[in-house]
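See structure below.
Taken together, the values in this text are just the output of simple stated rules run on the coordinates, not laboratory data. Just so it is clear, the model here is predicted, and its values are computed rather than measured. As a convention, Cβ positions derive from the backbone with ideal geometry for all residues, glycine included, and neighbour counts pool all protein chains shown.
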Amino acid sequence: MTEENKLEKKLVKAVKERGGIALKLVSPGFAGLPDRLILIAYGKIAFVEVKAPGKKPRPLQVTRHEQLRNLGFKVYTLDDECQIKTILEEVMQNEL
C-alpha cells in the first residue's frame, strides 16, 4: 500500500468517526477531480485531493480545484496525516 493510499484510508476513517462519509470520486470524461467528496451532517461538504507526502497536484488538478472553488466549494490538498483534523474541523464549521 502506498503512502497516499494509507493517508486516504486515514481520512476516510476520520470522516466516518464524525458521522460522515468520504466518497471516492471517479468521473470518466472529466479528469482531474479531487479524490474524495466529504459529506458531513447538516450540509457540510468539501473536496479533498490526497497526495503522497510532499507531492503537489498536477496542473489539470489545480484547474479543477479552481473550478470547484469558483462554484463556492471548499477544496483541500492533503499530504500529511496531521492535516486531517484541521480539514475536518473547517468542513464542519462551513455555513451554507
If I ask for residues that are of a type in the set (Lys, Arg), assigned to a loop (DSSP other than H, G, I, E, B) and within 18 Å of Leu25 (Cα to Cα), which ones from segment 40-96 would you list?
Lys51, Arg58
Name the residue, out of Gly29, Gly20, that is of a type in the set (Gly, Ala, Ser) and surrounded by fewer than 13 Cβ atoms within 10 Å (Cβ to Cβ).
Gly29
If Val50 satisfies all but one of (1) within 16 Å of Glu89 (Cβ to Cβ); (2) touching a helix residue (DSSP H, G or I) at 6+ places or on another chain (Cβ under 6 Å), what's the number of the condition it fails?
(1)
Of the criteria (1) crowded, with 16+ Cβ neighbours inside 10 Å; (2) touching a strand residue (DSSP E or B) at 6+ places or on another chain (Cβ under 8 Å); (3) farther than 20 Å from Thr2 by Cβ, which one Ile45 fails
(1)
Among residues belonging to segment 48-76 that are of a type outside the set (A, V, I, L, M, F, W, C) and in contact with a Ser or Thr (Cβ under 8 Å, 6 or more places away or on another chain), point out the one that is nearest to Lys6 (Cα to Cα).
Lys51
Those residues of segment 42-96 which are small (Gly, Ala, Ser) and over 18 Å from Leu11 (Cβ atoms), in sequence order:
Gly43, Gly72
Can you name the residue in segment 67-78 that is among the hydrophobic types (A, V, I, L, M, F, W, C) and in contact (Cβ under 8 Å) with a residue 24 or more places away in the chain and is also surrounded by the most Cβ atoms within 10 Å (Cβ to Cβ) among such residues?
Leu78
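Residues of segment 1-39 being in a loop (DSSP other than H, G, I, E, B) and under 20 Å from Val62 (Cα atoms), which ones?
Just the residues of segment 1-39 that are in a loop (DSSP other than H, G, I, E, B), to begin with: 1-2, 18-20, 25-35.
Selection gives Leu25, Val26, Ser27, Pro28, Gly29, Phe30, Ala31, Gly32, Leu33, Pro34, Asp35.
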Could you say which residue among Arg36, Arg64, Arg58 is surrounded by 15 or more Cβ atoms within 10 Å (Cβ to Cβ) and in contact with a Gly (Cβ under 8 Å, 6 or more places away or on another chain)?
Arg64
What number of residues within segment 1-51 satisfy the criterion of being among the polar types (S, T, N, Q) and under 26 Å from Leu71 (Cα atoms)?
1
